[in-house]
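Notes follow once the structure below has been shown.
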Amino acid sequence: MIPPEARGKPIEIWFQDEARVGQKGTLTRVWARRGSRPPAPRDQRYDWAYLFGAVCPARRAAAAVVLPIANAEAMNLHLAAISDNVAAGAHAVLVIDGAGYHQPSALHCPANISLLTLPPYSPQLNPVENVWQYLRQNFLANSIFDTYEDILEACCAAWNKLIALPDRLASITQRDWAVIR
């Protein structure tokens, strides 16, 4: 529910999620000559980072942090980053999934954000899932990361490439049912 102090302010709808990116990467399809077998490197080591991302399709705005762990403390850092990106004088309704560390009692929600939890087992309602698919298919797949710093660099580079394309970001995340009229 939107708090009383947010009434009368412009409302922004933001979507948030986390993705694990690491050495055990993903494979994707590539164009190749018929009959050939293009190389697709795949690492067998286990080191990763968590990319926390949030988008506001209507404003073509986004906020992200890359952290070594996904927990309530990390989510609080991400909430602060989102809060900094909400338009001045506006209030954000942040749509989140039901991860264990998204419990309101563990989070320090900034005054300009209200949380709205998705029903269980409904990732299709969160457009950020499409962002992860896009990042993996276009920037992160078929990669081998030698060090943890390489993983961080790849996450930041992929996110920055996406947000440099605000129309693409909006086309991936826009939903007719999530527009304030």
Positions within region 144-162 being touching a helix residue (DSSP H, G or I) at 6+ places or on another chain (Cβ under 8 Å), of a type in the set (A, V, I, L, M) and surrounded by fewer than 17 Cβ atoms within 10 Å (Cβ to Cβ), in sequence order: Ala157
Test: residue in region 132-139 that is surrounded by fewer than 13 Cβ atoms within 10 Å (Cβ to Cβ), within 17 Å of Glu18 (Cβ to Cβ), in contact with a strand residue (DSSP E or B) (Cβ under 8 Å, 6 or more places away or on another chain) and not basic (Lys, Arg): no
Residues of region 83-133 satisfying the condition of being touching a Gly at 6+ places or on another chain (Cβ under 7 Å) and either assigned to a helix (DSSP H, G or I) or of a type in the set (Val, Ile, Thr) (or both): Thr117, Val128, Val131
Criterion violated by Asn112 - all others in (1) of a type outside the set (Phe, Trp, Tyr); (2) more than 27 Å from Leu165 (Cα to Cα); (3) touching a Ser or Thr at 6+ places or on another chain (Cβ under 7 Å); (4) at pLDDT 95 or above satisfied: (2)
Residues that are in contact (Cβ under 8 Å) with a residue 24 or more places away in the chain, in a helix (DSSP H, G or I) and over 15 Å from the mean Cα position of the chain (by Cα), drawn from region 138-176: Tyr148, Ile151, Asp167
Close pairs (6 angstrom Cβ cut-off, 6 or more residues apart or separate chains): closer than 16 Å to Ala70 by Cα and touching a residue at least 60 places away in the same chain (Cβ under 8 Å) in region 94-121, in a strand (DSSP E or B) and among the β-branched types (Val, Ile, Thr) anywhere: Ile96/Thr117
Region 62-78, residues that are of a type outside the set (A, V, I, L, M, F, W, C) and surrounded by fewer than 21 Cβ atoms within 10 Å (Cβ to Cβ): Pro68, Asn71, Glu73, Asn76
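The values are calculated or read from the model by the stated rules, or taken from the named source; none is laboratory data. Predicted model only: the values in this text are computed from it and were never measured. Cβ: placed from backbone, ideal geometry, glycine included. Neighbour counts: every protein chain shown.
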